[in-house]
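Asks: Input: one structure, supplied below.
The values are calculated or read from the model by the stated rules, or taken from the named source; none is laboratory data. Computed from a prediction, not measured in an experiment: that's the story for all the values here. So basically every Cβ, Gly included, is an ideal-geometry build from the backbone, and we count neighbours across all protein chains shown.
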Amino acid sequence: MVNEIIVIGDLEMREGVSMDEYNKLLGKMYKIVSSMPGFQSVKKFTADDGETVSIYRFESEQALEAWRTQPDHIEAMKRGHAEFYASGHLQICKVIREVGFKKP
């Protein structure tokens, strides 16, 4: 049975945000989450219309919960809402089936 959890995040930045400050905070958060047990990956994609979507992968709900309640992450989320984001939408998804192949 697959237990993987996928988080799809669509966050819109406020106008005039210091991207240097934002990227500094992102770097700090990535350093923390990437060292946590159960974190698998994060990838960011930008559509032609400018919308940006991030996809986070965790091996379990427990791993995601550990990240969600990590004190530095909680403070970063508060700062994001107060300083950086105009709007946001997250979807937390359980993988119910996984298929794939690899050619030799």
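Asks: Criterion first (assigned to a strand (DSSP E or B), over 15 Å from the mean Cα position of the chain (by Cα) and not polar (S, T, N, Q)) does Ala82 satisfy it?
Replies: So Ala82 does not fit the description; no.
Asks: Also: Sort out which residues of region 75-103 are of a type in the set (A, V, I, L, M) and loosely packed, with under 11 Cβ neighbours inside 10 Å, and write them in order of number.
Replies: Residues satisfying the conditions are Ala82, Ala86, Ile96, Val99.
Asks: Next up: Six or more apart or on different chains, Cβ under 6 Å: which pairs go from a residue in region 66-84 that's over 24 Å from Pro37 (Cβ atoms) to one that's of a type outside the set (Lys, Arg) and not in a helix (DSSP H, G or I)? Could you list them?
Replies: Phe84/Val17
Asks: Are there any pairs, at least 6 apart or on different chains, whose C-beta atoms fall under 6 Å, with the first in region 19-39 and assigned to a helix (DSSP H, G or I) and the second aliphatic (A, V, I, L, M), and if so, which?
Replies: Cβ pairs passing all conditions: Leu25/Ala76; Met29/Ala76.
Asks: Just checking, how many residues over region 85-104 are of a type in the set (A, V, I, L, M) and over 15 Å from the mean Cα position of the chain (by Cα)?
Replies: 4
Asks: Okay, next question. Report yes if Glu75 is assigned to a helix (DSSP H, G or I), over 13 Å from the mean Cα position of the chain (by Cα) and farther than 16 Å from Leu11 by Cβ, otherwise no.
Replies: So Glu75 passes the test.
Asks: In region 21-58, how many residues are more than 14 Å from the chain's Cα centre (by Cα), of a type outside the set (Ser, Thr, Tyr) and either surrounded by 12 or more Cβ atoms within 10 Å (Cβ to Cβ) or modelled with pLDDT of 95 or more (or both)?
Replies: Here the count works out to 3.
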